[in-house]
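Undergrad: Before I ask anything, let me first share the structure, which is written out below as structure tokens.
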Amino acid sequence: MISWLTGVWSRTHVVRILDGGEDAGPLADRATLAELRIPSTIEAARKLTTTGRFTENICRCPGDTTIALHDDSDELVAAASLHGYGNISWERHRLHNDLHVADPVALHLLLATHGVPDQIPLFLAPLTDLLNLHEGHPQFRPSGDAGRQHLTERAVPHVLHPALLPLTGQQAGELSTAQLEAMNNQLATATPSPVDRAGILLSWLGRLPVPAEAYWGEGALIRHLLADIPRADIATAARHTPTAHTAMGVVNLALHSGDDGTLTTAIRPTLRRLLSVAPMPPRSR
């Protein structure tokens, strides 16, 4: 299989990243998310999509993005579907063998850099493992004294402790507009700098257990508090505080509100430092 991949890439002059996976219809009818034409970029894409370990299996989902290789006459040479973090299925109907790439961080950052959407949220799972943020029971922070330690461990700003202590984590995600505005005003008064405020909120967001608290509990509250801060200031905060928790907060935010590339650029060095691994040699077939 490695020799086959080497052969198809040797004939490739254009790489198109297309919307949709195996079930999205003819490739010619798909929206083009990105197009790679510079030889050095194509070579980088080749290395990132052909180096790794074959799983001897295929993912059950159809994938959500397709890599299409074209020759110098713009004829299709081969295609592969992407299946979550670092998994590629080349010509699935013929080969029936997925590849887990050696450097998924570099692959998804390359795609994100060229405008392919929804790449940063794919880092949620590896960061959850790295930070051990898998939820337990109860799923949400308890109220009262039982929840006080959780507020400390999550680096919740002290100015918000009195308002949050009587609430469970679930209730914190279901506040009224008036309650949200009051908390926003309290935090802005205590921390006037939007960059500093963003840094505090990202770190808090990046410490929440996944998925319930991070998606629907305190996570919903934090994303509301971040909504009033310009993306440029959020990105600056992420660059100034390149920690794993801050990166996780950015990933959570991008998962729920998208990213125009600003957040991706801000946390790219952090993701590389935290998650990059030494390249693995391919397994011969």
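Here, each number is a calculation from the coordinates, and none is a lab measurement. Because the structure is a prediction, the values reported are computed rather than measured. Backbone-built Cβ (ideal geometry, glycine too); neighbour counts: all protein chains shown.
Undergrad: Could you order the peptides 171-183, 194-206 from most to least packed, using the average number of other C-beta atoms within 10 Å per residue? Each step should come with its number before you reach the end.
TA: On the way: 171-183: 15.0, 194-206: 23.3.
For the peptides 171-183, 194-206, the packing ranking is 194-206, 171-183.
Undergrad: Mean Kyte-Doolittle of at least -1.0 plus a Cα span of 27 Å or more along the axis: flag which DSSP H helices in the chain meet both, please.
TA: Working: long enough: none.
Span-like helices in the chain: none at all.
Undergrad: Oh, and also: Take the alpha-carbon centre of the range 115-143, take the same for the range 79-111, and report the distance between them in whole Å.
TA: 22 Å
Undergrad: Taking every eigenvalue of the Cα gyration tensor of the range 126-275, multiplying by 5 and rooting it, what semi-axes result, largest first, whole Å?
TA: 23, 19, 13
Undergrad: Shape of the chain from its Cα gyration tensor (a ≥ b ≥ c, root eigenvalues): rounded if a/c is under 1.5, otherwise prolate when a/b > b/c, or oblate?
TA: Numbers: a/c = 2.57, a/b = 2.20, b/c = 1.17.
It is prolate, given that a/c is not under 1.5 and a/b is the larger ratio.
Undergrad: Something else now. Counting alpha carbon pairs within less than 8 Å and at least 6 residues apart, what relative contact order, in whole percent, applies to the chain? Could the numbers behind the result be given before it?
TA: Values: 485 pairs, mean separation 54.2, N = 285.
About 19 percent, as a whole number.
Undergrad: Can you list residues from other chains, or at least 5 along the same chain, whose modelled amide H is less than 5 Å from the amide H of residue 210?
TA: Placed amide hydrogens put 134, 135 under 5 Å from residue 210.
Undergrad: Order these peptides, 70-77, 250-257, by their mean beta-carbon neighbour count within 10 angstrom, highest first. Don't skip to the end; give the middle numbers.
TA: Values: 70-77: 12.1, 250-257: 21.8.
Top of the packing list down: 250-257, 70-77.
Undergrad: Shifting gears a bit: Using a 10 Å cut-off on Cβ atoms, rank the peptides 23-35, 132-144, 57-69 from the highest mean neighbour count down.
TA: Values: 23-35: 12.4, 132-144: 14.0, 57-69: 17.4.
So the order, starting with the most tightly packed, is 57-69, 132-144, 23-35.
Undergrad: Could you work out the helix-only [θ] at 222 nm for the chain, with each DSSP H run of four or more residues adding -39,500 (n - 2.57) and the total divided by the number of residues, to the nearest 500 deg cm²/dmol? Don't skip to the end; give the middle numbers.
TA: Details: 15 runs with 138 residues, N = 285.
After summing the helix terms and dividing by the residues of the chain, the value is -14000 deg cm²/dmol.
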